[in-house]
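Comments concern the structure below.
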Amino acid sequence: MSWWDDSTNYAAPVSRDGFFYDGLSFYVDIDSYHYPRSDPAALYELLTYTDPGPVLTKTGKVAKRQPPPRKDKPPNYYQAQCLHYGLKGFKQRPAAKKHLLAAFDPTTKTLVVPPRILALEQELKEEYEKANEVARVKAEEEWQRREGIRQAEQKRRETQLEEEWRKNREESDAMLGEFAALGIVIGKGEIEGTESDNEVLCRKSKEVSDAELRKDIAALSEAQLRAVFEKLVFDKRTRGVRKAALREIDVVKQAQASKVQMTKGKSKKRLNALSDEGEFRIMAPYLRDQWSSYTETMKLKLSPSPGGSHLWVWFHFGIVSGIMRSHGCPPKYVGDTTRLQWRGREEGEGEMTYEDENVASITFLGDGRIRGKMRWMGTLFEFIGKNAPRKNVVWCKSVQHWKEQYWGINDRSYERARVARWGRSWHYDDDAGDASSNSDTVGDPYAGDGDSDDEDDERMDVSMDDFGMAYF
């Protein structure tokens, strides 16, 4: 079935002696206005109209409210009717109306169209039908030509997409093979036992007794105590002091453990610049197999914060994207594993996800290679990545924006999005993003006011070793 219709007009109007036919009507064109022939009865009513005068009240006085004045047809209309009925085209309305009324039969009140006008109308109709058929054939040929171009372009695009998909698949398989040659093999599906509470479990910070807390404080040096105290007093005043102290002490203990490992393992190789920051091409077999249409190119970008207290990761895995934030300091040595919490959005409707179960870990293998695990929608899967070097990029300058994205995904923003979609709900006066007491915005030259800590939000710690996140 073709796109065209026999009733469609393709040709331009045909004309002769000042008359036109466009496939729909026979008309006179005056000043770019089309005037078809009016019915004699309607025309006679216009010509014989008499003003009834003003509306009177019951007492015979002129009413204050009068109907709107009758608006007569323009002079061009009466000029065109004169031509339609074989008269001279009078341009003045009174003259045109006078001659039209005189042409009516006084007895039958009818007005006859001259035979030459009727013959001209028929000739123009026949002429237009022939011209329209020629134009229709040309339009059909033009449509077929454009349709051929469209189909060819669509086929070319499909071929290009298939080629890109094939190339991406080959590159991904090559990356898997490259890592396998180094003895690094990852699971291609979800990791077994991921539904177990022992495999991935988010829980609140464990309770610490006063005695244990005093013991931890006693183990700190004077400089460490001063740093913790200054953070609590000058950054947080007295809000959540105990909770903040627990977090700060935990960070210091991790740093001490790292120093011990440095002393004991001086042979450990430090990470180079290509390993702990930059853009990485990612391969996640589970996501590729489950959501192949969303994972043409998976990648992540990572950088330590300018203050060096956390590692921040921007990731886009096709079906899910977002920001990761490390627990503790960035990695320093080959083989170090960084544990992270992530917040993001799912593809499609862009629904936010920021559950406590959103955890991940990245192991830095050196030479620009990484290996990781990530939990999403109750499933733990593995991925690998290889650095894709980019010149003249200062990655730490992106951290501030990543922070804003991370802290901007919270209960308040989720509620705003829900209300925008479904209707009115609760209103939060405090619209700031939530931040951890162990925020890396302290001393961060790129940090803004929007990254202030919010101790009112209940924070969740993730014991990653209990989650089965360790690789070796």
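Things to note:
- Subset of the stretch 346-363 that is of a type in the set (Ser, Thr, Tyr) and part of a strand (DSSP E or B) - its residue that is farthest from residue 313 (Cα to Cα): 353
- Residues satisfying the stated conditions in the stretch 353-381, i.e. of a type in the set (Asp, Glu) and farther than 21 Å from residue 333 by Cα: 355, 356, 357
- Scanning the stretch 48-82 for residues that are aliphatic (A, V, I, L, M) and assigned to a loop (DSSP other than H, G, I, E, B) yields 55, 63.
- The listed residue being under 56 Å from the mean Cα position of the chain (by Cα), exposed (fewer than 15 other Cβ atoms within 10 Å of the Cβ) and touching a residue at least 24 places away in the same chain (Cβ under 8 Å), out of 72, 22, 17: 72
- Of all residues in the stretch 25-44, those being of a type outside the set (Gly, Ala, Ser), under 27 Å from residue 105 (Cα atoms) and exposed (fewer than 12 other Cβ atoms within 10 Å of the Cβ) number 1.
- Restricting 157, 166, 226, 239 to those that are surrounded by 10 or more Cβ atoms within 10 Å (Cβ to Cβ), modelled with pLDDT of 80 or more and either more than 30 Å from residue 364 (Cα to Cα) or in contact with a Gly (Cβ under 7 Å, 6 or more places away or on another chain) (or both) reduces the list to 157.
- Selection from the stretch 6-51 of residues that are over 24 Å from residue 139 (Cβ atoms) and hydroxyl-bearing (Ser, Thr, Tyr): 32, 33, 35, 38, 44, 48, 49, 50
- Count of residues meeting criterion [part of a loop (DSSP other than H, G, I, E, B) and either under 30 Å from residue 365 (Cα atoms) or modelled with pLDDT under 85 (or both)] in the stretch 386-431: 16
- Single match in 23, 89 (criterion: part of a loop (DSSP other than H, G, I, E, B) and on the phi > 0 side of the Ramachandran plot): 23
- Qualifying position, being in a loop (DSSP other than H, G, I, E, B), within 28 Å of residue 397 (Cβ to Cβ) and at pLDDT below 90, among 309, 267, 275: 309
- Boolean, residue 397 is in contact (Cβ under 8 Å) with a residue 12 or more places away in the chain and out of contact with any Gly (no Cβ under 6 Å at 6 or more places or on another chain): yes
- In the stretch 322-349, residue nearest to residue 388 (Cα to Cα) [restricted to those that are free of Cβ contacts under 8 Å to residues at least 24 places away in the same chain and within 18 Å of the chain's Cα centre (by Cα)]: 348
- Residues in the stretch 330-338 include at least one that is charged (D, E, K, R), under 25 Å from residue 180 (Cβ atoms) and surrounded by 18 or more Cβ atoms within 10 Å (Cβ to Cβ).
- Only residues that are in contact (Cβ under 8 Å) with a residue 40 or more places away in the chain and under 16 Å from residue 403 (Cα atoms) were counted across the stretch 312-321, and they come to 3.
- Condition met for residue 144 (of a type in the set (S, T, N, Q), surrounded by 11 or more Cβ atoms within 10 Å (Cβ to Cβ) and farther than 30 Å from residue 384 by Cα): yes
- Hits in the stretch 175-195 - residues which are loosely packed, with under 12 Cβ neighbours inside 10 Å and modelled with pLDDT under 75: 192, 193, 195
The values are calculated or read from the model by the stated rules, or taken from the named source; none is laboratory data. What you see is a predicted model, and the numbers here were worked out from it, not measured in a lab. So basically every Cβ, Gly included, is an ideal-geometry build from the backbone, and we count neighbours across all protein chains shown.
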